[in-house]
Amino acid sequence: MKDYRKTKRACYLGFVTQAIVANFTPLLFLAFHREYQIPIASLALIPAVFYVVQLITDFLCAKFKNLDYRKSIIASEVTSALGLAGLAFLPQLFPHPMVGILLCVTVYAVGSGLIEVLCSPIIEACPFPNKEGMMSLLHSFYCWGAVGVILGSTLFFALFGLENWRILACLWALIPLYNIVNFATCPIEPIVEDSEGLSMGQLLRNRSFWVFLVLMIAAGASESSMAQWTSAFAEASLGVDKAVGDLAGPCGFAFAMGLGRLWYGKKGQHLDLSAYMTAAGVLCFASYLTASLSPWPSVALIGCMVSGLAVGIMWPGSISLTSARMPGAGTALFALLALAGDVGGTLGPSLVGLCTRKASSALQGGLESGLQGGLESGLQGGPLIQSGLLAASVFPLLLVASLLLIRRRK
């Protein structure tokens, strides 16, 4: 008898691995700046390369119809481990250390993209009851991984110093290395037979599928806009240092998002998923308004945390809704949904940054020279970021509109 619990554990650790590769390297920006004299502005290439490579990986998975799930998911763990461990050695082997860093980022971004595409259909194909709840529970492990890597890394740096970051990179690489064994030995079923799945072209010619793509873009943007800006907002509005900002911002947001996914995974089997997601979208919009319009920083930060609870169901719920209404679509469906979510995850934070910069320019133009400073000023930085978050509140509204259209066409 096949033990699908092992498959479940392997996929859980797969999402933990994705959380590590997505959240660990940004914590090293200060170390890279100090040790390799890399300008702070150049470090922005790291998340940009990560998301571009992940998008390309998603696209290629959608294009190639006959993926071997076991070989591909094992490759995801191998590349994730190599990329993380390589950070400790490769940068100093190049005349320009940034080249080595970006090479490692590229390698583990491929792993992250494969995990994002494959873990969801692997779980979907297992004979578990309550598929929607299981999908939500699966995605909660990305949140717990993000909380773990931020807390664990912060504690490690406090005890052993930032200069020992190479040891920590190798320690984090042990998790995907261990998970190779899990994926090599657990039962893995195809979501559909290779000959029966739809191609990327067939899906994109289906007009109904585009509604689900918009839903996924809105879900990714609603989640990432807040997740990527809460640290800067906490630092600027509360006047705390980066370590406290990381704990109060992205770590707190990830914890709240994980709680939302865990709750639905355990208790959501009796709820209508589309109705629940619609309510979550309304709550998310209200949370964005609270975070962006409240004159009290502590209340605004509470709004950020509540949005974490609200967005928890959006990404896994969008996958469950789409796969339920388009059964038998195959790997291409999950790959295109991952691609759409990543597009939203890039679009949302970019909109916040663009609106923040415009507000900063307008503010600087109207200030006396002694007050100029824009984002560098804690007194002004918080309200500037709030203007960007206000613009991003359009994404939960877009999600609600997409859900209402889906419910009408049910």
Which residues' amide hydrogens lie under 5 Å from the amide hydrogen of Phe64, considering only partners 5 or more residues apart or on another chain, with H built in the peptide plane? none
Rounded to one decimal in nm, the spacing of the 7 Å Cα→Cβ label points at Ser294 and Asn206 is 4.1 nm
Need one word for region 64-159: rounded, prolate or oblate. Basis is the Cα gyration tensor (sqrt eigenvalues a ≥ b ≥ c); a/c below 1.5 gives rounded, then a/b vs b/c decides. oblate
Taking the alpha-carbon centroid of each part, what is the distance from region 14-44 to region 52-85 in angstrom? 21 Å
With runs of 4+ DSSP H residues as the only contributors, calculate the mean residue ellipticity of the chain at 222 nm using -39,500 (n - 2.57) per run, divided by the residue total and rounded to the nearest 500. -26000 deg cm²/dmol
Would you mind calculating the relative contact order of the chain from Cα pairs under 8 angstrom and at least 6 residues apart, reporting the percent as a whole number? 24 percent
Of every hundred units of 1.4 Å-probe accessible area on the chain, the number belonging to carbon and sulfur atoms, as a percent, is 67 percent
Longest segment of the chain with no chymotrypsin sites (Phe, Trp or Tyr not before Pro) in a DSSP loop having at most 14 other Cβ atoms within 10 Å? 90-410
Could you give each residue of region 45-58 its phi-based ³J(HN,Hα) in whole Hz, using Karplus coefficients 6.51, -1.76, 1.60 with θ = phi - 60°, and x for Gly or Pro? 5, 5, x, 5, 5, 4, 6, 5, 5, 5, 4, 4, 4, 4
Cβ-derived FRET efficiency at R0 35 Å, Asn66 paired with Tyr178, nearest 0.05: 0.75
Using a ≥ b ≥ c from the Cα gyration tensor of region 3-140 (square roots of the eigenvalues), is it rounded, prolate or oblate, where a/c under 1.5 gives rounded and otherwise the larger of a/b and b/c decides, a/b for prolate? prolate
Scalar couplings 3J(HN,Hα) for region 338-350 by Karplus 6.51 cos²θ - 1.76 cosθ + 1.60 (θ = phi - 60°), nearest whole Hz, x for Gly and Pro, are 4, 4, 5, x, 5, 4, x, x, 8, 5, x, x, 5
Scanning the chain for GluC sites (Glu not before Pro) in DSSP loops with at most 16 other Cβ atoms within 10 Å, what's the longest stretch left with none? 1-192
Among the listed pairs Lys71/Lys266; Lys6/Lys63; Lys6/Lys71; Lys71/Lys267; Lys8/Lys71; Lys6/Lys266, those beyond 22 Å (Cα-Cα): Lys71/Lys266; Lys6/Lys63; Lys71/Lys267
Dipole magnitude of the chain, debye to nearest 20 (Cβ charges: Lys/Arg +1, Asp/Glu -1, about Cα centre): 980 debye
If you count only protein heavy atoms with a 1.4 Å probe, what accessible area per residue comes out for the chain, rounded to a whole Å²? 42 Å²
Could I have the simple spin-label model distance between Arg5 and Ala401, label points 7 Å from Cα toward Cβ, reported in nm to one decimal? 4.7 nm
In this structure, the FRET efficiency calculated for Ala279 and Asn164 from their beta-carbon separation, with R0 = 41 Å, to the nearest 0.05, is 0.35
Can you bin region 246-286 into rounded, prolate or oblate? Criterion: square roots of the alpha carbon gyration tensor eigenvalues sorted a ≥ b ≥ c, rounded for a/c under 1.5, prolate for a/b above b/c, oblate for the rest. oblate
How high is the FRET efficiency between Leu93 and Lys358 when r is their beta carbon distance and R₀ equals 41 Å, given to the nearest 0.05? 0.50
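The values are calculated or read from the model by the stated rules, or taken from the named source; none is laboratory data. In this text, all values refer to a predicted model and were calculated from it rather than measured experimentally. Reconstructed Cβ throughout: ideal geometry from the backbone, glycine too, with neighbour counts over all protein chains shown. Surface accessibility is based on the protein's heavy atoms, side chains included, excluding ligands, DNA and RNA. Shrake-Rupley method; radii C 1.70, N 1.55, O 1.52, S 1.80 Å.
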